[in-house]
Each structure stands twice: as structure tokens, then as C-alpha cells.
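Okay, structure first, notes after.
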Amino acid sequence: MGWLYEFWFELIKDGQYLWEIEKMHDKYGPIVRVNARELHIRDSQFYSTIYTAGGRKVDKDAATVRAFGVPSSVIATVDHNHHRARLGYISAYFSRRSVISMETMMHERIGKLCHRLQTCIKTGEVVTLDSAFSALTADIITQRFYGEHLNYLNIPDYKMAVTEAALGVTLAFHLGRLIPGLVSALKKMPIWLLQIIFPPVADLLVLQQSLKHNILSSLDDDARKKDSKSIIIQALNDPNIPLPEREIDRLIDESTAFILAGTETTSRALSVGMLHLLTDKTHLKKLRVELSALASKPDNDYSMSQLEALPYLTGVVHESMRLAFGPVSRLPRVATHESLHYGGFTIPPGTPVSQSTYFVHTDPTIYPHPHCFDPDRWTRAAQDRFPLNKFLVNFTKGSRQCLGVQMAFTELYITIARLVGNFDMDLHETTIEDVKLHRAHLFGYPKKAANTANVRGEIMVKVTGRANEGRIGAVLKAET
């Protein structure tokens, strides 16, 4: 199968190849060739073989990762051994222990968001929730990378360069993947010209220039450099890391990748979760009942250890992740030194093999009624000792799994608990259909709305009141 077929559905038909692959599987079975090089397998049980851990060595597909526009980042590192080394330089900063140490900072930023939502009760302002969540997650990630946040939550409408850059990179993903050298060539052009001919790459370069300025400013401040909590500054001053790995441009790539990927993945899961809670408020009520069992705190600023012990909240968080999908476009792995075996077929070494997150998260044999938001399915799975977490793959699995998974889950637990406990909200001109996956451009996007610039599927709400000044119990009495 030639690349023109894929080119047609991804670029001309606007991210529709995912559905063509679905049709291929329906017709030909669980293993199909999706282009001249790559195989796609629709079998959730085989996912962990493709995206493997342990001693097996797998590379990323160079043709795919070049489209990210951050060639020296961990996420775009092709070679298994090189990736493992780069991962080792920063993995400790994203461990569970490290993320727990960030909870106070997370609560401070979530408190800032809550303060802004509080003002909307009186003004009646409509809040674009996904933009607010993007600002929140971007503040948290930049705090981790630079030792201070960039105060995106202060932006009046939450519209920021990070969001535009993330949107631009994802919408340009297939173009960069299918046309070799395009992204590299575009990045060499002047920004003013790119803003005219290809704005997505211009947004990326503007963001990277801003990040570089912040790093250089930090390096000029000796006091901050000496006692910095910034991953970037610590890495630049760590003699145990090889000098080429400490070059500023490589660290810019690294931080850009984390900020863009982390902001989109986490904010989308938060948005999807709140959308479903506000669409069917029986879920909201049940969650408030569970939260009310915790010792009362003025702002519901509970710790992660308290929140992750709550089974229904855990179900809400996991269903939010599942139906947000994460990246839905194919992210192939390449077993360079061994053959894979599937369904009587032998897949030779060097063959890119993939499985879309979408097909795992909507597999009815794993998730009955897969398009239904059902937090209780996670409780049932735990009672039945069924490893449902094995099939939650927003961050992929194995040795190449995204480092930010623990941070993302912590943000979801804390943010959902505080918003549900503190505020009453109603959806404003937003339904499930407005955000239903229709186009796959790395991440999933809905149908383009007519006569509007909304291509992400915005989730808009009105904040109608406080949940009894942050106390849940009285609200429950009023609702029953």
C-alpha cells in the first residue's frame, strides 16, 4: 500500500485515516498493512507486546517522531539505548516521591484557578474550561521545569502561546510525518514569514524562544542557579550528564515536548471528566457523597494519598483518562533485533508496528459499552481482580511510556476533587457531541464547527454557585 492512500485520508480528508484503518480491520482481520512500511494490529491483548517493557529493545519510528519538531527530546529519541540514557537524566524528577513533593505547589495553582472561578459566580462569565485547564497544567509543568510558573492562569481568557503551539504541532503532525524534512526546513525560516505561510510552526518557534529566554535569565541569576528546583538548571549544572546532553537547545526541545504533551493530555482528560460529570449529574452527586466522608477542609485541598483511596473518584479519574484517549494517531515501535509473531504471521525485525489508543480504549471485550462514562467499571474490575489498568494506555506502556503519568494522575485527582467540592457548574451550549472524536491529528478532535475558529471542541460552563463555601455535606442535603 503506497503512501498516497494515507496522504489522501490524513491531509486531504482531514485526519480520517483512523476510520479507514478501522474498516480494514473489520474486513481483513486484526492485522493489516497501513502503508508500505507499517503494520497495525487491533488486539488489546497484544498491546503490551508492541509497547514492551523488560529486557526487549524497541526503537521508535524515525518517520513518526520527526513530525514532533523537537528532535533531541526524549519523546523523539529513536534509538532504545540513547532513549534509556536520556530517560535516566530526568526520570527521578517524575517519580511518585518527587510528584508528592509538588502537591503544595499544585494546590496553590489550583487555588488560583478556584479564585478566578469564584469571581465568575457574580459576573456570570462563561468559562472555557479546557482553556482554563490548559493554563493550569502549563503553570504546573513550567514550575517543574523552570523552578517557577509563567502565570498562565493570570491571562484573562486563558488563551496562551502554549495552547496555540500544541494545537499547531498536532494539526501539522501528519504533514511533518508524510513529507520528510518539512518541519526542519520550516523551522529555519523567519518567524514573520512562517506566521504568513504556516502559522502552526511559527507558534512552536515563538514558544521555544520564550522558553530559551527564561532559561538564560535563570542562568544569569547566581542565587537562583545555586539553589534551583528547576529541572533545566539542575541538568545544565550536573557534571554527571554528558556535555552534549546539557546543551541549551536540547533542553529546550525537552521542555517543549513535556509542556506541549503534558498540557494537552492532562487538560483534555480534566475537560472530558468534568463534561461527563456535568452532563449526568448522578455521577457528580455520587462523587460528592464519597468526598463528604473525608474530614472537612475549607477548600477541599486533600492530599493525593487521601484521594486515591476513594474508589468512585478513582473511577472518575480513570474514565476521564480513557475517554480523553491521549494520542490517537499511530505511534509505532520497531523491534530491531527480533521477529514478532502474531496470528500465524511472522513480522521481521525492523518493521514498524502500531496500535492506536482509540482501539484499546473502545474495545468492548475490555470495556463493555465503551463509549459510556462508567466510573463503577473500575470498582467492578478491582473486585474481580481484572487488571483494567493494563488497558489504559494514554501514555503508552513499557520502557517508552511517558514520564509524566504520575504527575498527570495527581493533577486529575486533586483538581476534580476541589472543583466538584467547591463549585456548582452548568454546561453552557456544550454537549458530548461537541467534543466527540472525529479527526485524528496526533490527538483527537471533533468535527469542525461551521463558521467558527473552534477546532478543539471547547467545553464551556457557567459557575452558578459555591458548594456551601467549600463544604460538601450541606449541598448533599439540598440535592436529596
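The values are calculated or read from the model by the stated rules, or taken from the named source; none is laboratory data. Please read all numbers here as calculations on a predicted model, not as lab measurements. Positions of Cβ are backbone-derived with ideal geometry, glycine not excepted, and every protein chain shown enters the neighbour counts.
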Test result for residue 310, in contact (Cβ under 8 Å) with a residue 40 or more places away in the chain and buried (at least 19 other Cβ atoms within 10 Å of the Cβ) = no
Within segment 248-283, can you find the residues that are in contact (Cβ under 8 Å) with a residue 40 or more places away in the chain, farther than 23 Å from residue 171 by Cα and either crowded, with 21+ Cβ neighbours inside 10 Å or out of contact with any strand residue (DSSP E or B) (no Cβ under 9 Å at 6 or more places or on another chain) (or both)?
-> 249, 250, 273, 274, 275, 276, 277, 280, 283
Has segment 96-106 got any residue that is farther than 30 Å from residue 202 by Cα and of a type in the set (Asp, Glu)?
-> yes
Determine the pairs where a residue that is under 16 Å from residue 230 (Cα atoms), located within segment 89-116, has a partner that is among the hydroxyl-bearing types (Ser, Thr, Tyr) with Cβ atoms under 6 Å apart, the partner being 6 or more residues away or on another chain.
-> 99/410
Expected output for segment 457-470 (first residue under 27 Å from residue 159 (Cα atoms) and surrounded by 19 or more Cβ atoms within 10 Å (Cβ to Cβ), partner at pLDDT 85 or above and of a type in the set (Phe, Trp, Tyr), Cβ below 9 Å, 6+ apart or cross-chain) is 457/445; 459/133; 463/423
Give the residue that is farthest from residue 383 (Cα to Cα), with candidates limited to residues of segment 301-348 that are part of a loop (DSSP other than H, G, I, E, B) and charged (D, E, K, R).
-> 338
Which of the residues that make up segment 149-200 are among the polar types (S, T, N, Q) and closer than 14 Å to residue 132 by Cα?
-> 151, 154, 163
What number of residues in segment 77-95 are part of a helix (DSSP H, G or I), surrounded by 13 or more Cβ atoms within 10 Å (Cβ to Cβ) and not aromatic (Phe, Trp, Tyr)?
-> 9
Would you pick out the residues in segment 301-337 that are in contact with a Phe, Trp or Tyr (Cβ under 7 Å, 6 or more places away or on another chain) and of a type in the set (Asp, Glu)?
-> 308, 319
Contact list, first residue from segment 7-29 and farther than 17 Å from residue 363 by Cα and in contact (Cβ under 8 Å) with a residue 40 or more places away in the chain, second anywhere and outside any helix (DSSP H, G or I) and of a type in the set (D, E, K, R), beta-carbon distance below 6 Å, six or more apart or interchain, is 14/439; 15/439
Cross-chain or 6+ apart pairs with Cβ under 7 Å, segment 406-420 first and farther than 12 Å from residue 140 by Cα and modelled with pLDDT under 95, then part of a helix (DSSP H, G or I) and among the polar types (S, T, N, Q) = none
Does residue 433 count as farther than 14 Å from residue 315 by Cα, in a helix (DSSP H, G or I), free of Cβ contacts under 8 Å to residues at least 24 places away in the same chain and not hydrophobic (A, V, I, L, M, F, W, C)?
-> yes
Residues of segment 156-186 being touching a Phe, Trp or Tyr at 6+ places or on another chain (Cβ under 8 Å) and within 30 Å of residue 119 (Cα to Cα), in sequence order, are 158, 160, 162
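Yes/no per residue for (1) at pLDDT below 90; (2) in a helix (DSSP H, G or I); (3) of a type outside the set (Phe, Trp, Tyr); (4) in contact with a Pro (Cβ under 6 Å, 6 or more places away or on another chain):
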| residue | (1), (2), (3), (4) |
| --- | --- |
| 245 | no, yes, yes, no |
| 258 | yes, yes, no, no |
| 261 | yes, yes, yes, no |
| 265 | no, yes, yes, no |
| 268 | no, yes, yes, no |
| 295 | yes, no, yes, no |
| 299 | yes, no, yes, no |
Only listed residue being within 25 Å of residue 175 (Cα to Cα) and of a type in the set (Ser, Thr, Tyr), chosen from 72, 48, 91, 44 = 72
From the options 467, 440, 408, 417, residue that is hydrophobic (A, V, I, L, M, F, W, C) and more than 28 Å from residue 300 (Cα to Cα) = 440
Which of the residues that make up segment 270-293 are farther than 16 Å from residue 431 by Cα and not in a helix (DSSP H, G or I)?
-> 293
